[in-house]
Every structure is written in structure tokens, then in C-alpha cells.
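Contents: one structure, followed by commentary.
The values are calculated or read from the model by the stated rules, or taken from the named source; none is laboratory data. None of these values were measured; they are calculated from a predicted model. Cβ placement follows ideal geometry from the backbone for every residue including glycine, while neighbour counts extend to all protein chains displayed.
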There are 2 protein chains.
Amino acid sequence: MGAVERRARERTEFRELVLTAARKIVLRQGFEALSMRKIADEIEYAPGTIYLYFKSRDEIAQELCRRGFEDLLASLAPAAAIRDPAKRLTDIGERYVRFGLEHPETYRMIFMEDPKFADSVFGEKEPESPGARALQFLVEAFDELRAQKRLRVRTASPKLADALWVAVHGIVSLKLTCPGYPATPADELTAIVRSALFDGLLKPG
Amino acid sequence: MGAVERRARERTEFRELVLTAARKIVLRQGFEALSMRKIADEIEYAPGTIYLYFKSRDEIAQELCRRGFEDLLASLAPAAAIRDPAKRLTDIGERYVRFGLEHPETYRMIFMEDPKFADSVFGEKEPESPGARALQFLVEAFDELRAQKRLRVRTASPKLADALWVAVHGIVSLKLTCPGYPATPADELTAIVRSALFDGLLKPG
DNA sequence: GTCCTTAATGAACGCTGTTCAGTAAACAGT
DNA sequence: ACTGTTTACTGAACAGCGTTCATTAAGGAC
């Protein structure tokens, strides 16, 4: 009898229903406006029902973060096709900033709210948390640059990757928080940071 | 008769009482735990009373931001004594990062929450909002470098100032949101960013 | 002493996350 | 087909939130 399987399927279907509704609310009204009662209204169930499928509001938010981060990774993926590691890093940076500005609510949720939400992306000690995977992408590019003897610093690749990450994150998060500041457009900031980092880190030519 | 003056004084005294209590709560329990009822409890007044002195919770939060930013500015001030503009910029960056990490709740409140809070620092169209004043501090240093012909880029000083700002902000805000990431310690990140920016922007020597 | 302005209250409204006793429907066993 | 049990779901309830407002108590003026 497939009763057990059917229940499992219905369970994931209901979770999907909730997450879809939650995502819709976050996109339309912002993360802070996400409430269990609004989700319940949206899917036409009583508020209590959601707690039969999710432990808490935080679990829903964390799942949204996990998926949002997957979206971010997917938007960076095309850069992998670029052979030259320096150009690849540039492309990743530009894509990262673009994603953040085009999906402000998603980006806020992952990188600017409570640490416990970011935990769902970076937290798990697994060797391969989604966040660690993304960073590895950067680390490899720096390793390639080093192998090609194009780096003029001895700084370890993971540290260079972190530095690049904080820089692009700074651009996105400041733009999302301070309306009107920084006055310089995001793409110009990205270009300045890129040129400064690369002219500073790479050998001429 | 000084009745009018006395009322005005009592008014600012009560506001001060509220703000002090609010600050205490934010520091002890975090910004999200700040509530009108907790403030009322702390100062031993009814919740409604606070509304006779503040328009809303947001007004209190904005005033806390304004003061928090003044504290940040004050913590950067000693850097002004440094003659060499490059060393001055380095010192400002280090002080900025240190302030952010040592006052996480204050920093969060100003730069990572709702844009309306940051508005109290950067918003007003006055020529001299606190935020604009702070940025001017950076702009002047870059202007000095340019006057000394030590810059190897033509990029306008305000844009270079913005770029430096987003970089240090990136370090602080990522450290505050992602526990454990970036793995590289903040001071190392600061050093990498500094060296990359300066080696990239400044002429050798 | 009376009047009037002002300060302060605390109950109320509608919202929040979360829990839980109660109900109704689906299923299993005979 | 009927009973017994498991399951899904509800909606009322609790504690807390920001905010408003009619009501009360106190202070100053004449």
C-alpha cells in the first residue's frame, strides 16, 4: 500500500504550498511583513495548521533563505564558462551586485537580517554548505591566478576570496540600506573596487 | 516667570530619560527587542505617556541612530591628527571596523535595518547631514593625495570615498550577519582591502 | 477657593507567534 | 456495514506588540 508514500508526498506538497505563499508575501510586502496569519490566509488554512508542517516562522524563513541563496548561486553560474580567472572574478562580482540590487528582499533576508537566517546557508559544519561552495568558486579562481603567477601578493586564496566577497557585499548592502547613499552608482563602485583590487593584487599586464 | 522654560526643560529631560532607557534595552537585548512597553517599564511610566513626548517608536529609533552615528564619528575623530592622508585613511578604516565590531547593535541599527533609520543620518537634504560630513572627511584625504600627485587614477575623490566606505562597511556588516563567515579575521580583511585599494590606487612609493 | 490647563493613566483595538483542547473525517479490523 | 483508532484541521486562547483616547489627577492662575 502506498499510503505512507502518499502521506509523505502530501506533506512536501503542503510545505511547498506554504513556501510559495511565503515567498509571494515577502516579494510583495517585504520580509518584515511576513506573518503566519498572512500565509494561512493566502493558502486558506487556519494558522495552527502550518505548525503541523513547520516548527516555526523561523524555519520557513530559513528555507526561503536557502532557496534564495540557490537562486543567487544560479545567477552566478554562467561566469564559470569564462576561462580567464581575472575576467571570471570580475563577472562574478558584477553578477553578484546585480542579483542583490534586483532581488533586494531576498538579499536582505539572507545577508542582512538575523544571523540565524544566514546560518541556513553558512551554518552547517558540513564540508559543503551552500555558502562554502560559493566561496570555493572564488578560491579556485584565485588559485588559478596564482598558478599562472599573476598574483603579486602571497596572501592565501581563501583570504583573497573573503576580501572580494566583503567588498561586493558592501556595495549591495549599503545601497539597500541607505537611500541616496552612496551617491556613486553601484556599477561604478563595482568598477572602482574591481580595478583597485586587481591593480593592487595582480601584476601589471 | 520661567514656567515656560521649565516645561521645556522638563520635556527634554523626559526625552532624555526615554532615550537612555531605550539605549540600555538595545544594548542589553538587541534592537529588535526594543519595545515601547519595555521602555515604559524601565522608566516606570505608562506606555501611553511616551507618546506625549515622541511621535512613534520610529522617532526614538531614529534619535538613537543619530546619536550612535555621532559616537561613530567621535571614534574616528582622532585620525584627523594624522598628517599623511594615506595613513589617515588607513587609520579611519581600522577605526571604523573596530567601532562596528565593538558596537554591533548600534551599527546594525544605523546601517543594516530599515532605510528610514539610516535616513536620520543621511537623509536630510541639508548640505551638512552627519553622514555627508563623515564622507567629506574621506573626500578631503583623497583630495590631498591628488594634490600631492600620489593618485594614479583620475576617479573623482567622492567616488573613491564611496568605494572605501562600501569596502569597510562590507567587512563589518558581513561579520555581524554571518557567524563564522568570512573565516578571515576582520583585521586581516581590513589589511587586505587597504593594501589592495592603495596599491591599486596609489603610485608606488 | 474655584476654574482651567496640563500630565498621566490604563483600557482598548488590531496586529504578532505559538499552543492546544476539541472536532471531524479518513482509515483499519472484524 | 459497523466500530475503534488514527489523522488533519480548526479556532479559541495566551502573551506580547505599536498606537489611540476617554478619563482622571494634579498644578497654576485669578
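Table: residues versus (1) among the aromatic types (F, W, Y); (2) under 18 Å from the mean Cα position of the chain (by Cα); (3) part of a helix (DSSP H, G or I); (4) surrounded by 12 or more Cβ atoms within 10 Å (Cβ to Cβ).
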| site | (1), (2), (3), (4) |
| --- | --- |
| B:R6 | no, no, yes, no |
| B:E13 | no, no, yes, no |
| B:L19 | no, yes, yes, yes |
| B:I39 | no, no, yes, yes |
| B:F54 | yes, no, no, yes |
| B:D58 | no, yes, yes, yes |
| B:A61 | no, yes, yes, yes |
| B:A74 | no, yes, yes, no |
| B:L89 | no, yes, yes, yes |
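When A:R28 is tested against (1) modelled with pLDDT of 95 or more; (2) more than 22 Å from the chain's Cα centre (by Cα); (3) basic (K, R), only condition (2) is not met.
Away from chain B (no Cβ under 14 Å) and away from DNA strand C (no atom under 14 Å from the Cβ): is that true of A:K87 in this structure?
Answer is yes for this residue.
Inside the range B:21-37, residues that are more than 10 Å from DNA strand D (Cβ to nearest atom), within 14 Å of chain A (Cβ to nearest Cβ) and surrounded by fewer than 17 Cβ atoms within 10 Å (Cβ to Cβ) make up a count of 1.
Counting only residues that are surrounded by fewer than 17 Cβ atoms within 10 Å (Cβ to Cβ) and within 12 Å of A:A21 (Cβ to Cβ), which one in the range A:41-52 is farthest from DNA strand C (Cβ to nearest atom)? Lay out the reasoning, then the answer.
Kept after step one, since they are surrounded by fewer than 17 Cβ atoms within 10 Å (Cβ to Cβ), are these residues of the range A:41-52: A:41-44, A:46-49, A:51-52.
Retained after the next criterion (residues that are within 12 Å of A:A21 (Cβ to Cβ)): A:41-44.
On the way: A:D41: 9, A:E42: 11, A:I43: 14, A:E44: 15 Å.
So the residue we want is A:E44.
Figure legend. Inter-residue proximity from the range A:30-45: first residues closer than 26 Å to B:P115 by Cβ, second residues more than 11 Å from DNA strand C (Cβ to nearest atom) and of a type in the set (S, T, Y), beta-carbon distance below 9 Å, spacing 6+ or different chains. Indicated pairs: A:F31/A:T106; A:I39/A:Y45. Would you pick out the residues in the range A:58-91 that are more than 15 Å from A:A161 (Cβ to Cβ) and either touching a strand residue (DSSP E or B) at 6+ places or on another chain (Cβ under 7 Å) or among the polar types (S, T, N, Q) (or both)? A:Q62, A:S75, listed by residue number.
Would it be correct to say that A:R9 is within 14 Å of another protein chain (Cβ to nearest Cβ) and either within 14 Å of DNA strand D (Cβ to nearest atom) or out of contact with any helix residue (DSSP H, G or I) (no Cβ under 6 Å at 6 or more places or on another chain) (or both)? Spelling it out, it is not the case that A:R9 is within 14 Å of another protein chain (Cβ to nearest Cβ) and either within 14 Å of DNA strand D (Cβ to nearest atom) or out of contact with any helix residue (DSSP H, G or I) (no Cβ under 6 Å at 6 or more places or on another chain) (or both). Considering the range B:148-202, the residues that are among the small types (G, A, S), over 19 Å from A:L202 (Cα atoms) and more than 7 Å from every other protein chain (Cβ to nearest Cβ) include one that is surrounded by the most Cβ atoms within 10 Å (Cβ to Cβ), namely B:A161.
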